[in-house]
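Values quoted throughout were computed directly from the atomic coordinates according to the rules given, and no laboratory measurement underlies them. Because the structure is a prediction, the values reported are computed rather than measured. A quick note on method: Cβ atoms are made from the backbone with ideal geometry, for glycine too, and the neighbour counts reach across all protein chains shown.
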Amino acid sequence: MELLTINNVWMMICTALVFFMHLGFAFLEIGLTRQKNTINILFKNIFIITVGLLLYALVGFNLMYPAWGANSAGYLGDFVFGLSSPLNADGALDLAYNEGYTFWTDFLFQGMFAATAATIVSGAVAERMKIGPFMIFTVLYVGFVYPIAGSWKWGGGFLDQLSTPFYDFAGSTLVHSVGGWAALVAICLLGSRIGKFKNGKIQAIPGHNIPLATAGVLILWLGWFGFNGGSVLSADPTLTSLTLVTTCLAAAAGGVVAALVSTIMYKNLDLTMFLNGILGGLVGITAGADQMSPTDAILIGGIAGALIVFAVSLIDKLKLDDPVGAIAVHLICGIWGTLAIGIFGNLASGAQFLSQLIGVASYAVFCLATSFIIIFTLKKTMGIRVSEKEELEGLDAHEHGMDAYPDFRLNEH
């Protein structure tokens, strides 16, 4: 019982840290975008975590962690409405149902993860998507798409049943790439912000508060202690300490390498690239934080940092507009971190790399298809983009009738 209590307390602390990450996402997103859209972004982030938790309680948790039948292929979980706590043979609440923490702790910890996928999309579509369609997308993606995708591995589905099981410790693919694929579809269907591309040339649209964005990244880094540390699913001192070390080293390496590569390519010390490099390193190590040595973590994080710089450049060249670099960070580095399981660490092998490829491809097909169906349907039925006037004057005024800084307003265009 004492060990159960220790494990459970650790898991609850990690749950709180992952919850705190939503403040980091909000700070980062508003810092890298313009002042006139601050309320809109904050509203979306609050909507995501509140509605996401309710949806996960009502349908998502059972979809993601089903009781697969003997004849199940492991593709689609259980549509069971609401949370039902497990009972032991005596009909009493089975507190230690997972031999490490309670049912309620498991739900809350996993629920904090669920909302992250839509938060990633929020950053990519910032400053020009109608809030109504975004809210509908969030309900469908967090309520159904994410739990079904998660069940394929974490719920014991078909990817976990491969001869060499697909591995994703804390969600480089299951969380970050699931959001990243949807973000890619969304910005393709939505189009770029007014003024981003003029006469074929890329125009920078600076964020209004880089100090706030910096605070957001540091909060996210702190939150990742819970994101990866909690994914050990116990307070095991060896595994938790190694996981936190690899997480931090990958983040540091990602930031440093991104800053170096960016400076060499563009001849300036770009803080935003430094910040996204840190996040890229964190996303990259998330798939295998418990399987890597410190040296492996530095290599994975460093490669992720370099990929950030090249991915941001490629996205711009493709005339895609991603205001916060969400696709480079969450999709590209998520794919890299997932594949790195087959190259570095305790599981490295040809068979493991093949399983990782199968997993990446499976999630790509599913998430591209589902997000396209949802967003394209919304585009054709109710429209997903605000008017030119609303975009130029700001979504805060037109969609919320509020101003984030009523006593201080920048001259933004």
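Length gained on full extension, TYR405 to LEU222: 63.1 nm, using 0.36 nm per residue less the C-alpha separation. Put a dot 7 Å past the Cα of TRP104, heading toward its Cβ, do the same for LEU58, and the two dots end up 2.2 nm apart. Taking the centroid of alpha carbons for each part, region 242-272 and region 179-195 are 25 Å apart. Proximity of backbone amide H atoms, modeled 1.01 Å from N, is registered between ARG385 and LYS130 at under 5 Å, excluding neighbours fewer than 5 places apart on the same chain. When shorter helices are ignored and each DSSP H run of at least 4 residues is given -39500 (n - 2.57), the per-residue value for the chain at 222 nm works out to -19000 deg cm²/dmol. Angle of helix 38-55 to the longest C-alpha principal axis of the chain, folded into 0 to 90 degrees and rounded to 10: 20°.
What is the list of residues in region 331-346 whose amide nitrogen lies under 14 Å from a point 7 angstrom out from the Cα of SER293, following Cα to Cβ? What the label zone holds, given the 14 Å backbone N cut-off, is 344-346.
Neighbours of ILE308 by Cβ distance under 14 Å: Lys/Arg scored +1, Asp/Glu scored -1, total -3. Here the calculated FRET efficiency for ARG385 and LEU354, from their Cβ-Cβ distance with R0 = 30 Å, stands at 0.15, rounded to the nearest 0.05. What is the local net charge at GLU29, summed over the other residues whose Cβ is closer than 15 Å to its Cβ (Lys, Arg +1; Asp, Glu -1)? Local charge sum for GLU29: +1. Axis of helix 350-381 versus longest Cα principal axis of the chain: the two differ by about 50°, to the nearest ten degrees.
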